[in-house]
């Protein structure tokens, strides 16, 4: 049986999915991924990037494999309008986010073993809907050159933030097809911080442990909300409709309890309760990156057959393709000027047999918190993660 590789790259933004069923489904997928990926340390990933690769793979899936992938992504299946709706959502993000010195880049690719025949409908969907024209490579006779070509493409599309999506030895001569999607985002704060106000202070790690970190400070008008156990702050990127939302437990050791309550419905409700407030903001500067194999995660979420007895006959008219893995890398850098973020995902297919006072609210993010980068127009979450230690 053949195995399929689908790499995907992405970056950060802000959202609200109240009226967009595609965004609603992708946000449920994103929160489900968060619950699977959350461990004990920092986390950054792009559910938008991962769902982009799976959406392209779904176009070639059939039978039970297609039903499983669709159920994980939460669209109504079968839905012939889904590819166009997903592509329109990505185009809308790019249209809004590229202004005023901000940048949102999204590119897809289809990398196929030279001479390997694809179904015309699948090839047409990749090129015309997902903007992923076919690029022939030789995985059989020149595997390292093929790997280098895809990694070079990934590096360019993420402005050098994701250098090597596929490590040496991660592909083999059974590889027949790789789908790639790359997104990069750089957003300037609507209200930037002054570097003069950045100061060193303790970040509380939990259990009485602390680490010295650099904190940015300002007082201004921000969207803010709270629950009995949680503070929520939204910081917008200038002129984009995108935003960075911080979910800060009121308790220094409250992150585990917050994560137990983290569902897409709760997230939407919390974000929907924010209003403009004068807020005294203290948030850490940080930079973090992560890499995951998503095979076990996606299998647990409900699509195991894609990695075993798969039916991707819509790709090449045959039943000998299956996913060998889905590799994901992500990066985020938060500083006084704004946020830079990127992510890459690769799926490999191979041959196989409350009322607030008027005085400033104090929002001091000096202990572990959850964050999302989202599109406030569509509601789509582009990046999600948590910060448990800003100094790594």
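The values are calculated or read from the model by the stated rules, or taken from the named source; none is laboratory data. Model, not experiment: these values are computed from the prediction. Here the Cβ is made from the backbone with ideal geometry for all residues, glycine too, and neighbour counts use every protein chain on show.
Taken over the stretch 59-76, the criterion of being closer than 21 Å to residue 124 by Cα and part of a loop (DSSP other than H, G, I, E, B) is satisfied by 59, 60, 61, 62. Against the numbered list (1) under 23 Å from the mean Cα position of the chain (by Cα); (2) more than 24 Å from residue 238 (Cα to Cα), residue 138 comes up short only at (1). Whether any residue in the stretch 169-186 is exposed (fewer than 14 other Cβ atoms within 10 Å of the Cβ) and in a strand (DSSP E or B) is what I want to check. No, that holds for no residue.
Suppose the filter is surrounded by 17 or more Cβ atoms within 10 Å (Cβ to Cβ), in contact with a strand residue (DSSP E or B) (Cβ under 6 Å, 6 or more places away or on another chain), closer than 28 Å to residue 311 by Cα and assigned by TED's automatic domain parsing to the domain that holds residue 323; does residue 130 pass it?
Taking the combined requirement at face value, the residue satisfies it.
Among the residues that make up the stretch 327-334, is at least one of them over 26 Å from residue 123 (Cβ atoms), part of a loop (DSSP other than H, G, I, E, B) and either modelled with pLDDT under 95 or out of contact with any strand residue (DSSP E or B) (no Cβ under 9 Å at 6 or more places or on another chain) (or both)? Looking for residues that are over 26 Å from residue 123 (Cβ atoms), part of a loop (DSSP other than H, G, I, E, B) and either modelled with pLDDT under 95 or out of contact with any strand residue (DSSP E or B) (no Cβ under 9 Å at 6 or more places or on another chain) (or both), one finds none in the stretch 327-334, hence no. Only one of the numbered conditions (1) within 30 Å of residue 269 (Cβ to Cβ); (2) in contact with a strand residue (DSSP E or B) (Cβ under 7 Å, 6 or more places away or on another chain) is not met by residue 312, and that is (1).
Going by what's in this entry, would residue 94 be described as part of a helix (DSSP H, G or I), assigned by TED's automatic domain parsing to the domain that holds residue 294 and modelled with pLDDT under 90?
Numbers: part of a helix (DSSP H, G or I): yes; assigned by TED's automatic domain parsing to the domain that holds residue 294: yes; modelled with pLDDT under 90: yes.
Taking the combined requirement at face value, the residue satisfies it.
The combined condition, being in a helix (DSSP H, G or I), modelled with pLDDT under 90 and under 17 Å from the mean Cα position of the chain (by Cα), is not fulfilled by residue 54. Can you spot a residue in the stretch 273-296 that is in contact with a strand residue (DSSP E or B) (Cβ under 9 Å, 6 or more places away or on another chain), assigned by TED's automatic domain parsing to the domain that holds residue 160 and part of a helix (DSSP H, G or I)? There is at least one residue in the stretch 273-296 that is in contact with a strand residue (DSSP E or B) (Cβ under 9 Å, 6 or more places away or on another chain), assigned by TED's automatic domain parsing to the domain that holds residue 160 and part of a helix (DSSP H, G or I). When residue 124 is tested against (1) touching a strand residue (DSSP E or B) at 6+ places or on another chain (Cβ under 8 Å); (2) at pLDDT 95 or above; (3) over 24 Å from residue 308 (Cα atoms), only condition (1) is not met.
Against the list (1) at pLDDT 90 or above; (2) more than 20 Å from residue 375 (Cβ to Cβ), the condition residue 89 fails is (2). Here residue 253 clears all of (1) in contact with a strand residue (DSSP E or B) (Cβ under 8 Å, 6 or more places away or on another chain); (2) crowded, with 16+ Cβ neighbours inside 10 Å; (3) modelled with pLDDT under 95; (4) not in a helix (DSSP H, G or I) except the condition numbered (2). Residues in the stretch 340-355 that are surrounded by fewer than 23 Cβ atoms within 10 Å (Cβ to Cβ) and touching a strand residue (DSSP E or B) at 6+ places or on another chain (Cβ under 8 Å) were compared, and the one that is modelled with the highest pLDDT is 340.
Within the stretch 169-180, identify whether any single residue is out of contact with any helix residue (DSSP H, G or I) (no Cβ under 9 Å at 6 or more places or on another chain) and farther than 23 Å from residue 339 by Cβ, and answer yes or no.
Looking only at the stretch 169-180, we keep the residues that are out of contact with any helix residue (DSSP H, G or I) (no Cβ under 9 Å at 6 or more places or on another chain), and these are 169, 174.
Narrowing the set further to residues that are farther than 23 Å from residue 339 by Cβ leaves 169, 174.
Yes, the conditions are met somewhere in the stretch 169-180.
Hey, does the stretch 55-63 have a residue that's touching a helix residue (DSSP H, G or I) at 6+ places or on another chain (Cβ under 9 Å) and surrounded by fewer than 19 Cβ atoms within 10 Å (Cβ to Cβ)? Checked the stretch 55-63: at least one residue is touching a helix residue (DSSP H, G or I) at 6+ places or on another chain (Cβ under 9 Å) and surrounded by fewer than 19 Cβ atoms within 10 Å (Cβ to Cβ). The sole residue among 154, 135 that is in the same structural domain as residue 51 (by TED's automatic domain parsing), surrounded by fewer than 17 Cβ atoms within 10 Å (Cβ to Cβ) and within 16 Å of residue 108 (Cβ to Cβ) is 135.
With the structure loaded, tell me whether residue 238 is out of contact with any strand residue (DSSP E or B) (no Cβ under 8 Å at 6 or more places or on another chain), surrounded by fewer than 20 Cβ atoms within 10 Å (Cβ to Cβ) and at pLDDT below 95 or whether it fails that test.
Working: out of contact with any strand residue (DSSP E or B) (no Cβ under 8 Å at 6 or more places or on another chain): no; surrounded by fewer than 20 Cβ atoms within 10 Å (Cβ to Cβ): yes; at pLDDT below 95: yes.
No.
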